[in-house]
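S.K.: Quick one: this structure, given as C-alpha cells, is what I'll be asking you about.
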Amino acid sequence: MTPAHLETPLNALLGLRHPVLLAPMAGVAGGALAAAVSRAGALGLIGGGYCDPEWLGAELEMAGRADIGIGFITWRLDEIPAVLELALAARPRAVLLSFGDITPYVAPIHAAGARVIAQVQSVAQARAARDAGADVIVAQGREAGGHAGERATLALVPAVVDAVAPLPVVAAGGIADGRGLAAVLMLGACGAMLGSRFYACAESLAHPHAKTRAVEASGDDTVRSAAFDRLRGWHWPPGYALRTLANETTRRYAIAPEEFDSRAARERFAAASAAGEVDHAAVIVGEAADLISDVSPAAAVVESIVAAAAAVLDGAGRHLSAARIDAAARE
C-alpha cells in the first residue's frame, strides 16, 4: 500500500514529505525525537527552549545527520544570544522562535541558510513577524500544552491566514490526530505543529511515568497555572500561561502561592521531576490529551496522522462533490 501523502506549500518550502512539525518542547523534544520525526518525512524541532548550551550540544549530537530544526524561547535567547551560534553551526533546516521579538535573529538565521519560523499567539504578533522577515508563521491557540496566549486555535488560525497571506501558516494547539490536521488545512493553514501527541512518543525525553499519565489523561484534566514556572525560577512575560495536567502541585499553588518561592520547595520539585512523581511534577500536555491513546514510535505517529487526515479530506471532497451534483440536478 502506498503511504498517504499531503502536499501543501509548506512541503516545498521546508523540504518535507508531510506538512507536520514537532513542537520544540523544552527538555522533551530532544535529538532522538526530532530525528525520528524528520526521518518520517515531517520536521522535527529540538526544544532548545531556555538556551542551555550543554544540553543543546548533546541533543544535536544525538540527532546525528538527521535534517532537523531547532526552537527557542525568544525572550530567553535575548539573554543568551550566543546559543544561536551553536544552533546555526549544526546547519538546521529551520529555527523556530516564540514569545518575543524575532527581529534581531532573522538575518543571521537566513545567512546560515535556515528558514525562520515564528510562533505567534495573536494576529498583531503575526503581522509583526511577517514584517520582520519570517518565512513561516505558526498560529498557536491556548489549547496547547505548555505556554500559550489567550486566543483559541479555531478562530485564530483563519484570522492569521488572512492577515499574513500569502505567507504559509501552520496551526498549533489542540491538534493530535488526522482529524485535527485535516481541520486546520480546511481553515487555510499549510500544516500543523503537534506537541502533546509527540510528548507521549517512545523517543520523547519525558519521564515514562509522565508519558503514561498523558495517555490516561483527558483535556478536562488540564489547567493553566504559574506554579511550575515559580518552582523552576522562570519569570515569564505577562500574557503567557503554562498549561499542564492538574495535580497536587497546581492545587496547592491555588491555595498558597507564597510557599512556592522557597529553596526547599524547589528542591522537592526537582526531586519529584527526576523521579517522575506525576502527582507533583509537571506533565506538560494540552487539551488534546484525550486523543493520546498509547506511547508509540514517532514515525508511526506521523504516518497515522497523515493517513487519517488524507482519508478525512478525501471523504469531505467526495461529500462536497456529491452535494454539488445533487444541487445541479435540482436546478
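The values are calculated or read from the model by the stated rules, or taken from the named source; none is laboratory data. Just so we're clear, the structure is a prediction, and the values are computed from it rather than from any experiment. Quick reminder, even Gly has a Cβ in these numbers, built from the backbone with ideal geometry, and neighbours come from all protein chains shown. Just so you know, the surface numbers come from the protein's heavy atoms only, side chains and all, with ligands and any DNA or RNA stripped out. Shrake-Rupley method; radii C 1.70, N 1.55, O 1.52, S 1.80 Å.
S.K.: May I ask you to list the residues in the range 156-189 that are part of a loop (DSSP other than H, G, I, E, B) and among the β-branched types (Val, Ile, Thr)? Talk me through it step by step, then tell me what you get.
M.R.: So in the range 156-189, the residues part of a loop (DSSP other than H, G, I, E, B) come out as 165-168, 173-177, 187-189.
If the condition is that a residue be part of a loop (DSSP other than H, G, I, E, B) and among the β-branched types (Val, Ile, Thr), then 175 is the only one that fits.
S.K.: Whether any residue in the range 190-202 is hydroxyl-bearing (Ser, Thr, Tyr) and part of a loop (DSSP other than H, G, I, E, B) is what I want to check.
M.R.: If we filter the range 190-202 for residues that are hydroxyl-bearing (Ser, Thr, Tyr), which is where we start, we get 196, 199.
Still in the running and part of a loop (DSSP other than H, G, I, E, B): none.
No, every residue in the range 190-202 fails to be hydroxyl-bearing (Ser, Thr, Tyr) and part of a loop (DSSP other than H, G, I, E, B).
S.K.: Let me spell it out: the conditions are (1) crowded, with 18+ Cβ neighbours inside 10 Å; (2) without any contact (Cβ under 8 Å) to a residue 24 or more places away in the chain; (3) of a type outside the set (A, V, I, L, M, F, W, C), and residue 140 meets all of them except one. Which number is the exception?
M.R.: It fails just one condition, (2).
S.K.: Out of the residues in the range 203-219 that are in a helix (DSSP H, G or I) and surrounded by fewer than 19 Cβ atoms within 10 Å (Cβ to Cβ), state the one that is nearest to the chain's Cα centre (by Cα).
M.R.: Let us first name the residues in the range 203-219 that are in a helix (DSSP H, G or I), namely 208-216, 219.
Subsequent filtering for residues that are surrounded by fewer than 19 Cβ atoms within 10 Å (Cβ to Cβ) retains 208-209, 212, 215-216.
Values: 208: 20, 209: 21, 212: 20, 215: 18, 216: 20 Å.
Ranking the qualifying residues of the range 203-219, first place goes to 215.
S.K.: Yes or no: residue 297 modelled with pLDDT under 95 and closer than 22 Å to residue 145 by Cα? Break it down into steps so the answer makes sense when it comes.
M.R.: Numbers: modelled with pLDDT under 95: no; closer than 22 Å to residue 145 by Cα: yes.
Spelling it out, it is not the case that residue 297 is modelled with pLDDT under 95 and closer than 22 Å to residue 145 by Cα.
S.K.: Kindly indicate whether residue 130 is open to solvent by 40 Å² or more (accessible area, probe 1.4 Å) and part of a helix (DSSP H, G or I).
M.R.: Values: open to solvent by 40 Å² or more (accessible area, probe 1.4 Å): yes; part of a helix (DSSP H, G or I): yes.
So residue 130 fits the description; yes.
Table: residues versus (1) in contact with a helix residue (DSSP H, G or I) (Cβ under 8 Å, 6 or more places away or on another chain); (2) at positive phi.
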residue	(1), (2)
84	yes, no
88	yes, no
92	no, no
99	yes, yes
102	yes, no
108	yes, no
116	yes, no
120	yes, no
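S.K.: Something else about it: Out of the range 32-75, which residues are acidic (Asp, Glu) and in a helix (DSSP H, G or I)?
M.R.: Of the residues in the range 32-75, the ones acidic (Asp, Glu) are 52, 54, 59, 61, 67.
Within the range 32-75, 54, 59, 61 qualify.
Conditions (1) buried (at least 16 other Cβ atoms within 10 Å of the Cβ); (2) of a type in the set (Lys, Arg); (3) within 17 Å of residue 33 (Cα to Cα), marked per residue:
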site	(1), (2), (3)
56	yes, no, yes
59	yes, no, yes
69	yes, no, yes
76	yes, yes, no
88	yes, no, no
98	yes, no, no
110	no, no, no
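S.K.: Here's a follow-up. Are any residues in the range 76-108 of a type in the set (A, V, I, L, M), part of a helix (DSSP H, G or I) and closer than 27 Å to residue 156 by Cα, and if so, which ones?
M.R.: Here is the first cut: in the range 76-108, the ones of a type in the set (A, V, I, L, M) are 77, 80, 82-84, 86-90, 94-97, 102, 106-107.
Subset that is part of a helix (DSSP H, G or I): 77, 83-84, 86-89, 106-107.
Once the filter is applied, which keeps residues that are of a type in the set (A, V, I, L, M), part of a helix (DSSP H, G or I) and closer than 27 Å to residue 156 by Cα, the range 76-108 yields 77, 106.
S.K.: OK, next. What are the residues in the range 176-196 that are farther than 23 Å from residue 127 by Cα, of a type outside the set (Gly, Ala, Ser) and open to solvent by less than 20 Å² (accessible area, probe 1.4 Å), if any?
M.R.: Within the range 176-196, just 181 meets the criteria.
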